[in-house]
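Each value in this text was obtained by applying a stated rule to the coordinates, not by laboratory testing. Because the structure is a prediction, the values reported are computed rather than measured. Positions of Cβ are backbone-derived with ideal geometry, glycine not excepted, and every protein chain shown enters the neighbour counts.
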Amino acid sequence: MALQKNISGELTQRLLATGKVSKVSSISLVNVHASITCTVDIYIEKKLTGKFYLAKGTALPVGAALILDQTSFDNSSNGFSLFIKLTKGASEVPVVDVIIS
């Protein structure tokens, strides 16, 4: 089952909580803003283990997609959570659609 989310703003947001799904095979990000490029950080994190980036400081132009396929990590109750952080390229709020499957 795929999860879809619309992410906006510059706060770090949790996309997938620990134990939410059993297997993640791909993550798709699309910049749906009308006029600005944004920068994307996407990472997994587990307490006492740390943060591991899948993409860091990746520029995502308007209408462009970033597809992270063959992505696999432990999301069990003792596993990792998935996070995203957007940074705006101008004075407007960045907006990205995310599909996790």
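Remind me, relative contact order of segment 39-101 in percent, using alpha carbon pairs under 8 angstrom and six or more residues apart?
Relative contact order here is 38 percent.
In the neighborhood of SER81, defined by Cβ-to-Cβ distances under 12 Å, what is the net charge if each Lys or Arg adds +1 and each Asp or Glu adds -1?
Local net charge: +3.
Quick one: give the max-minus-min coordinate of the C-alpha atoms of the chain along each principal axis, largest first, in Å.
40, 28, 18
Under a straight-distance cross-link criterion of Cα-Cα below 17 Å, which aspartates and glutamates are reachable from LYS46, leaving out those fewer than 8 residues away in the same chain?
Of all the aspartates and glutamates, those that pass the test against LYS46 - Cα under 17 Å, at least 8 places apart if same chain - are ASP74.
Check each of the GluC sites (Glu not before Pro) in segment 1-92 and keep only those in coil by DSSP with at most 15 other C-beta atoms within 10 angstrom; list them in order.
Hits after loop and neighbour filter: GLU10, GLU92.
For segment 1-44, state the average projected area of the convex hull of the C-alpha atoms over all orientations, rounded to one decimal in nm².
Mean projected area of the Cα convex hull: 3.8 nm².
Can you find, among SER25, ASN75, THR87, the residue farthest towards the positive end of the dipole of the chain? Put +1 on the C-beta of Lys and Arg, -1 on that of Asp and Glu.
ASN75
Give me the dipole magnitude in Debye, nearest 20, for the chain about the Cα centre, with unit charges on the beta carbon: positive for Lys and Arg, negative for Asp and Glu.
Dipole of the chain, to the nearest 20 debye: 300 debye.
What's the local net charge at THR18, with K and R +1, D and E -1, over the other residues with C-beta under 10 Å away?
Result for the neighbourhood of THR18: +2.
Taking 0.36 nm per residue of sequence separation and subtracting the Cα-Cα distance, how much length would be gained by fully extending the chain between ALA64 and THR12, in nm to one decimal?
16.6 nm
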